[in-house]
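Chemist: Dropping a structure here in structure tokens format, bear with me for questions.
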Amino acid sequence: MSAFVVSHSHIHLFVHTAMYGPPGARRTWHTFSYYHRTPGEPASNSGKQHTIRPGDFDAANQLGQMLLSENVKSVNYRYPSDHGLPADGDYSAPYRFGTPPHVSAVDVLVALDGYEYQSCEHPGWRTSEAHSFTDALRRAVIGHLPGYYESNCWAIREAATTA
């Protein structure tokens with residue numbers, strides 16, 4: 001599989017999920033925050049908090065631009081001679097939040113995996129803000145999957161043995 005720049009709809013899905021929660025969420029979605037520690041910050045520092053609230057379209061545009069730029073950076077790093085960018089998209093224009101595709105919460109998780117696959121090629125990925133965001137969004141969405149809070153497996157005890 002080759003690297004490519006994800007579509008704006010792919011980014012819209014993440015931004016919309018961060019603002020309003022995953023599709024079909026069974027619990028209330030609260031304001032989404034994630035922390036990003038820049039390289040060189042002490043490990044004891046949790047990093048800068050980034051928050052996105054429902055209806056904050058300025059923050060949505062900034063978040064989407066950050067995610068798209070990280071993906072472009074990775075593709076250009078992986079394919080420097082081709083400049084990595086496909087001919088079918090204008091990635092120089094600023095990102096503007098739009099309508100996300102209608103998908104499930106599981107689809108959001110799969111889309112996160114796809115985005116990370118396309119964005120992890122450059123050496124700075126592990127310490128990037130985009131990586132901090134995708135990691136936090138994944139954890140938040142998993143907690144909203146149907147059945148997650150009904151499960152009683154938070155602490156699995158050893159089964160009693162019989163003699």
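Chemist: Being more than 23 Å from His144 (Cβ to Cβ) and charged (D, E, K, R) is true for just one of Glu70, Glu116. Which residue is that?
Modeler: So the residue among Glu70, Glu116 that is more than 23 Å from His144 (Cβ to Cβ) and charged (D, E, K, R) is Glu70.
Chemist: Using beta carbons and a limit of 8 Å, which pairs, at least six apart or on different chains, have the first residue in the range 111-128 and without any contact (Cβ under 8 Å) to a residue 60 or more places away in the chain and within 19 Å of His16 (Cα to Cα) and the second one part of a helix (DSSP H, G or I) and of a type in the set (A, V, I, L, M)?
Modeler: Partner pairs satisfying both residue conditions: none exist.
Chemist: If you don't mind, another one. Among (1) loosely packed, with under 15 Cβ neighbours inside 10 Å; (2) polar (S, T, N, Q); (3) within 16 Å of Phe133 (Cβ to Cβ); (4) in contact (Cβ under 8 Å) with a residue 12 or more places away in the chain, which single condition is Ser46 missing?
Modeler: (4)
Chemist: Follow-up question, since we're still on this one. When the residues of the range 7-37 are narrowed to those that are touching a Gly at 6+ places or on another chain (Cβ under 7 Å) and under 24 Å from Val75 (Cα atoms), which ends up surrounded by the fewest Cβ atoms within 10 Å (Cβ to Cβ)?
Modeler: Arg37
Chemist: Hey, another quick one. So, in the range 118-157, exactly how many residues are among the β-branched types (Val, Ile, Thr), part of a helix (DSSP H, G or I) and surrounded by fewer than 19 Cβ atoms within 10 Å (Cβ to Cβ)?
Modeler: 2
Chemist: Shifting gears a bit: Tyr115 versus (1) exposed (fewer than 15 other Cβ atoms within 10 Å of the Cβ); (2) at pLDDT 90 or above: which is the lone unmet condition?
Modeler: The failed condition is (1).
Chemist: Can you tell me which condition Ala93 does not meet? The list is (1) assigned to a loop (DSSP other than H, G, I, E, B); (2) small (Gly, Ala, Ser); (3) farther than 15 Å from Met66 by Cα, and all the others hold.
Modeler: Only one criterion in (1) assigned to a loop (DSSP other than H, G, I, E, B); (2) small (Gly, Ala, Ser); (3) farther than 15 Å from Met66 by Cα is unmet by Ala93, namely (3).
Chemist: In a loop (DSSP other than H, G, I, E, B) and either at pLDDT below 95 or touching a Lys or Arg at 6+ places or on another chain (Cβ under 7 Å) (or both): does that describe Ala160?
Modeler: yes
This table checks each residue for (1) among the basic types (Lys, Arg); (2) assigned to a loop (DSSP other than H, G, I, E, B); (3) at pLDDT below 85; (4) on the phi > 0 side of the Ramachandran plot.
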| site | (1), (2), (3), (4) |
| --- | --- |
| Arg27 | yes, yes, yes, no |
| Asn61 | no, no, no, no |
| Gly89 | no, yes, yes, no |
| Pro100 | no, yes, no, no |
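The values are calculated or read from the model by the stated rules, or taken from the named source; none is laboratory data. Quantities reported herein were computed from a predicted structural model and do not represent experimental measurements. All Cβ positions, even for glycine, are placed from backbone atoms using ideal geometry, and neighbour counts span all protein chains on display.
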